[in-house]
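Each remark here refers to the structure printed beneath this line.
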Amino acid sequence: NMIPADKVFTCTAEILSETPALCMDDKTTHAVLSLLTLVRDGVLSMSAHVKGLVAHSRNLGIVKTLTDGEGKPTAVKFSMSTRSASNSHLDDSERELEMLALACTGDDENATHRARYPGWDYAPVSPLRDLWTRISEETYGVTPRIEVIHAGLECGILCDKLGEMDIISVGPDMKDIHTPREMLSIPSVERTYRLVCETLRSLA
């Protein structure tokens, strides 16, 4: 389903210079095509505990040709993002990408890991979640919808730094998140703020 703004999208190509483009050699071309063919991208596994929940995924988000000061290609960089609530999945993904780099370039040092969201798995028992639900029902007469999602959240970072803790992620109503059309409901922010205050007051 195309959004209206995309329906008028056009692309024009024109020759800007008679200078021939610099091309990759056979070895580099083979390595790039091998990686693009072999890398696993998208949903890698589904949750065995929560129906319909993605457990492990990878996104090949950027492919960029690096050049030197004279504009000569020096390397091709593939940037990927892996998501999982399980640290073992994240560890496996790092090893898999190292092996892929070794197979395609002959050097596993070509795979570097910059950062990752630590795993944050669903807690079957959560007193904090129960408290939030009760306060929402008492304050607004609404039972909040509890959802398990596949994403990288700050909650995983906090749990990783502070150890095992009861933690939930809450927020106001939003639409088209991470797009130019992102919208936030101001009345929902007010309701969420009140619930946070009431929950903290109850915990205190």
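The values are calculated or read from the model by the stated rules, or taken from the named source; none is laboratory data. Every value quoted in this text rests on a predicted model; they were computed, and no experiment measured them. Don't worry about glycine lacking a Cβ; one is built from the backbone with ideal geometry, like all the others, and counts go over all protein chains shown. For the accessible areas, the whole protein counts, side chains as well, though only heavy atoms, and no ligand, DNA or RNA atoms are used. Shrake-Rupley method; radii C 1.70, N 1.55, O 1.52, S 1.80 Å.
Under the condition of being assigned to a loop (DSSP other than H, G, I, E, B) and not charged (D, E, K, R), which residue from the range 181-204 is most open to solvent (accessible area, probe 1.4 Å)? Full working, then the answer.
Quick first cut of the range 181-204, residues assigned to a loop (DSSP other than H, G, I, E, B) only: 181-182, 185, 204.
Imposing the further condition that a residue be not charged (D, E, K, R) reduces the set to 185, 204.
Details: Ser185: 37, Ala204: 116 Å².
That would be Ala204.
How many residues does the range 4-54 contain that are loosely packed, with under 10 Cβ neighbours inside 10 Å, on the phi < 0 side of the Ramachandran plot and assigned to a loop (DSSP other than H, G, I, E, B)?
Counting residues in the range 4-54 that are loosely packed, with under 10 Cβ neighbours inside 10 Å, on the phi < 0 side of the Ramachandran plot and assigned to a loop (DSSP other than H, G, I, E, B) gives 18.
Taking the options Glu198, Glu154, name whichever one is of a type in the set (Asp, Glu) and more than 17 Å from the chain's Cα centre (by Cα).
Only one candidate qualifies: Glu198.
Just checking, how many residues over the range 55-83 are closer than 20 Å to Ser93 by Cβ, of a type in the set (D, E, K, R) and either in a helix (DSSP H, G or I) or modelled with pLDDT under 90 (or both)?
Result for the range 55-83: 1.
Hey, could you check the range 61-96 for residues that are among the aliphatic types (A, V, I, L, M) and within 30 Å of Ile167 (Cα to Cα) and say which is nearest to the chain's Cα centre (by Cα)?
Met80
Just to check your reading of the model, which residue among Asp166, Asp160 is among the acidic types (Asp, Glu), in a helix (DSSP H, G or I) and either open to solvent by less than 90 Å² (accessible area, probe 1.4 Å) or closer than 16 Å to Ala123 by Cβ (or both)?
Asp160 is the lone residue from the list that is among the acidic types (Asp, Glu), in a helix (DSSP H, G or I) and either open to solvent by less than 90 Å² (accessible area, probe 1.4 Å) or closer than 16 Å to Ala123 by Cβ (or both).
For the range 78-98, how many residues meet the condition of being more than 8 Å from His56 (Cβ to Cβ) and not charged (D, E, K, R)?
So the count comes out to 9.
For Leu128, state whether it is hydrophobic (A, V, I, L, M, F, W, C), in a helix (DSSP H, G or I) and open to solvent by 70 Å² or more (accessible area, probe 1.4 Å).
Working: hydrophobic (A, V, I, L, M, F, W, C): yes; in a helix (DSSP H, G or I): yes; open to solvent by 70 Å² or more (accessible area, probe 1.4 Å): no.
Here the answer is no, as Leu128 does not meet what is asked.
Just one of His178, His150 is at pLDDT below 95 and open to solvent by less than 90 Å² (accessible area, probe 1.4 Å); which is it?
Result of the check over His178, His150: His150.
Go through the range 82-117 residue by residue and tally those that are surrounded by fewer than 18 Cβ atoms within 10 Å (Cβ to Cβ) and of a type in the set (Gly, Ala, Ser).
Number satisfying all stated conditions: 5.
Looking at (1) open to solvent by less than 40 Å² (accessible area, probe 1.4 Å); (2) touching a residue at least 40 places away in the same chain (Cβ under 8 Å); (3) outside any helix (DSSP H, G or I), which is the only condition Pro144 fails?
Tallying (1) open to solvent by less than 40 Å² (accessible area, probe 1.4 Å); (2) touching a residue at least 40 places away in the same chain (Cβ under 8 Å); (3) outside any helix (DSSP H, G or I), Pro144 fails exactly one: (2).
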